[in-house]
Every structure is written in C-alpha cells, then in structure tokens.
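Have a look at the structure below, then the notes.
The values are calculated or read from the model by the stated rules, or taken from the named source; none is laboratory data. These figures come from a predicted structure and were not determined experimentally. Here the Cβ positions follow ideal geometry from the backbone for every residue, glycine too, while neighbour counts run over all protein chains shown.
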Amino acid sequence: MASRLLRVSGALRALRVGPAALGKGPGPLAEGARQASSGGMATDEEQATGMERKVLDTIKKGVDPYGVYPSKPYGGTKDDPHLVPSLTNVRLVGCICEEDATETYYIWLHKDKMERCPSCGAHFKLVPCELP
C-alpha cells in the first residue's frame, strides 16, 4: 500500500516539475521552444513541394496560374477592346451588358478577329496565352 502511494506521488511530482527536473532530458515544451527560437515555423515557400511549389513560383513571377485574379479594366471600344485569353483559336464569351441584366449574350470569338456584342456594343478580342 505504501509503495503504491510513493509511486503515485512520484508520478504526480514529475507531472508538476517536468521530466527535465527528474534528470530525464528536456521536456517537450522546452524542445518546442528551442525550435521556435531557431527560426520558428516554416513558411509556405519553404514547405511547399510539387504542384504547390510550381503555383507559388508562378504567382511570385506575377503570372496568374488559374485565371482567378480580376482582369484589367478595358473600355470595350473598337480601339480598346476587352482582351480574352485563350489556349485555343476559338472561345465562347458571355456578355452581361448591364449590371442588373437578367440575360447573357454569348459571342464566339475567333483568333485575329474582333467581335462586337449585339446588345451593348462592347468589343472583344481573342489573345493567345500559354500555361505557366
């Protein structure tokens, strides 16, 4: 009975003071503090591998790998048409025309030809692009 009490009290004391105080090496908290003081957590660039690294590198170069960033505002006139990037020679584009419009006008764009929306008159031009 007494030996059980001594074992339990020793275990409780070890929990209170940590394994370093008992001579069993540094505790997990001390080890984590050592890692944080030597540079902290790894950044996304240091940790990324494979496709994620390629995407981060292309974003650093200023290229939008997935086409998710908003495009530059164009006037939509004949002199300053909306430029539509495409990997092929033909692309289907939808023009909403007005902010509150309930219908979309679809226009086929062909390489080296400028097309005009029949409803609002906005001009569109297909430009070739490459995958990053």
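List of remarks:
- Taken over the stretch 39-94, the criterion of being over 23 Å from PRO128 (Cα atoms) and assigned to a loop (DSSP other than H, G, I, E, B) is satisfied by GLY39, GLY40, MET41, ALA42, THR43, ALA48, THR49.
- All positions within the stretch 98-118 that are part of a loop (DSSP other than H, G, I, E, B) and surrounded by fewer than 15 Cβ atoms within 10 Å (Cβ to Cβ): GLU98, GLU99, ASP100, ALA101, THR102, GLU103, THR104, ASP112, LYS113, PRO118
- Sole exception among (1) polar (S, T, N, Q); (2) at pLDDT 90 or above; (3) touching a Leu at 6+ places or on another chain (Cβ under 8 Å) for THR49, by number: (3)
- In the stretch 99-127, the residues that are in contact (Cβ under 8 Å) with a residue 24 or more places away in the chain and either outside the structural domain of PRO85 (by the TED database) or of a type in the set (A, V, I, L, M) (or both): LEU109, MET114, ALA122, LEU126, VAL127
- The residue list THR58, THR77 contains one member that is surrounded by 11 or more Cβ atoms within 10 Å (Cβ to Cβ), in the same structural domain as GLY121 (by the TED database) and modelled with pLDDT of 75 or more, which is THR77.
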